[in-house]
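K.L.:
What follows is a structure written as C-alpha cells; I'll ask about it next.
Please treat every number below as a calculation from the coordinates, not as lab data. Since the structure is predicted, the reported quantities are computational estimates derived from the model, not experimental observations.
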Amino acid sequence: MVKPRYSVVIPVYKNEGSIAPLLQALDDLAGTLDAPMETVFVVDGSPDASFARLEEGLRGVSFSSRLVLLSRNFGAFAAIRCGLAEARGDFIGVMAADLQEPPSLMLDFFKALASKPLDVAFGQRLGRHDPGFSKLASNLFWKIYRRLVQPDVPEGGVDVFALTASFRDRLVALGEANSSLLGLLFWLGGRREFIGYTRLEREHGKSAWTIKKKVTYLLDSVFAFSDLPVRVLMGAGLVGLGVAVLLGLIVTAARIFGTYEVPGYAGSMLAILFFGALNTFGIGIVGNYAWRAYENTKQRPLNVVSLRIDFPGKDL
C-alpha cells in the first residue's frame, strides 16, 4: 500500500519572532507522521525579517520545504491559495505561523482524511486564550459572518483546515478576486468533519489581523456570497415609498381642507434629505457589486511570485 504524502501550507506576514519555535514544532510534527511531510511557506510581502529567518532555518530541518516570496502583500487568503497551488501532498493542511493553533491539529486532520471518506477537515475553536477585547471582536465578527454569509460555519469561526489534493484542485480553480476563501470552501460542499481545539495565547509579535482587515474581509464575504444588501436596499426603498405616499396624502388632505396655504419648509427638507441619503446608500451598494464583478473580469492573477527556493531536508 502506497503511503500518502503530507503537505502543510503556512502564510507568513510579520512573524519573524515565531519562526524558530514554528520550525521546531514542525520538526516534531514531521517525526510523528507515518509518511514524509513537506511544508510550503508563503511570505506575503512581509516587511520584517521573516523571509531571511526562514531561508536560514529551513536549511537545518528534517522535512522538505518550499519557500515562496510574493512580490507584495496580497493578503493572507491570497497567500494561502498560492501555497495550496504549490503543495504536492495527497493531504494538505493549512495553519498560521503564530502558533496560536496547535500544530498537533495537523496530525488530527491528516488522520481523519486518511481514515475516513472526507474531502476537508476544519478546526473548530472550542475556547481561546485571547485578550477580552480581541475575543469579543472575534466572536462578533463570526456571529455576523454566520448570519450573513455562511450559516454552516461553526460558532467561533474557522482558521485552520486540511483538505485532499482533489478538493484543493476544485478550490484553486475558482479564481474569484475579493472573495472569501472560507466561503468558497463551504460553497464547494463536500464531505467535511470538524475537529475541536483550544486556541492558544499568542507568544510572539502582534497580530496583523486588524479591525480594518476584518471589516474588509467581512464586506468581501457578504458581497461575494449574499444578496442581503440588495434586499435591504429594496426594503428601505419600499419603506421610503410608503412614507412618501403617506406624506403625499397628508399634504393633499391639508390642501383640500385649507389647513395651510403654503407647504412647510421642514417637511420638504426632511423628504429631500431622506430620499437623497437613500439614493446615495443604494448607489454605494450597487457600486460594490459592480466593482467586484469588474475586478473579476480583469482576470489578474491573485498573487505574483517573486522567488521560490526548495529545501530537501536533512533526512532526505
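K.L.:
Using the scaling law 2.2 N^0.38 Å as the reference, what is the normalised Cα Rg of the range 42-159?
P.N.:
So the Cα radius of gyration is 1.21 times the expected 2.2 N^0.38 Å.
K.L.:
For the chain, what does -39500 (n - 2.57) per DSSP helix run (n ≥ 4), summed and divided by total residues, give at 222 nm, in deg cm²/dmol to the nearest 500?
P.N.:
After summing the helix terms and dividing by the residues of the chain, the value is -16000 deg cm²/dmol.
K.L.:
Straight-line reach from Lys143: which aspartates and glutamates have Cα under 19 Å away, leaving out those fewer than 8 places along the same chain?
P.N.:
Within the straight-line cut-off, Lys143 pairs with Asp130, Asp152, Glu155, Asp159, Asp220, Asp227.
K.L.:
Residues with amide H under 5 Å of Val40's amide H, sequence separation 5 or more or different chain, H placed in the peptide plane at 1.01 Å from N; which?
P.N.:
Val8, Val9, Ile10, Arg66
K.L.:
First check a/c for the range 19-92, with a ≥ b ≥ c the square roots of the eigenvalues of its C-alpha gyration tensor; if it is under 1.5, answer rounded, and if not, answer prolate when a/b is larger than b/c or oblate otherwise.
P.N.:
The shape class here is oblate.
K.L.:
Just how many % of Cα pairs in the chain lie over 30 Å apart, if you round to the nearest whole percent?
P.N.:
Roughly 43 percent, rounded to a whole number.
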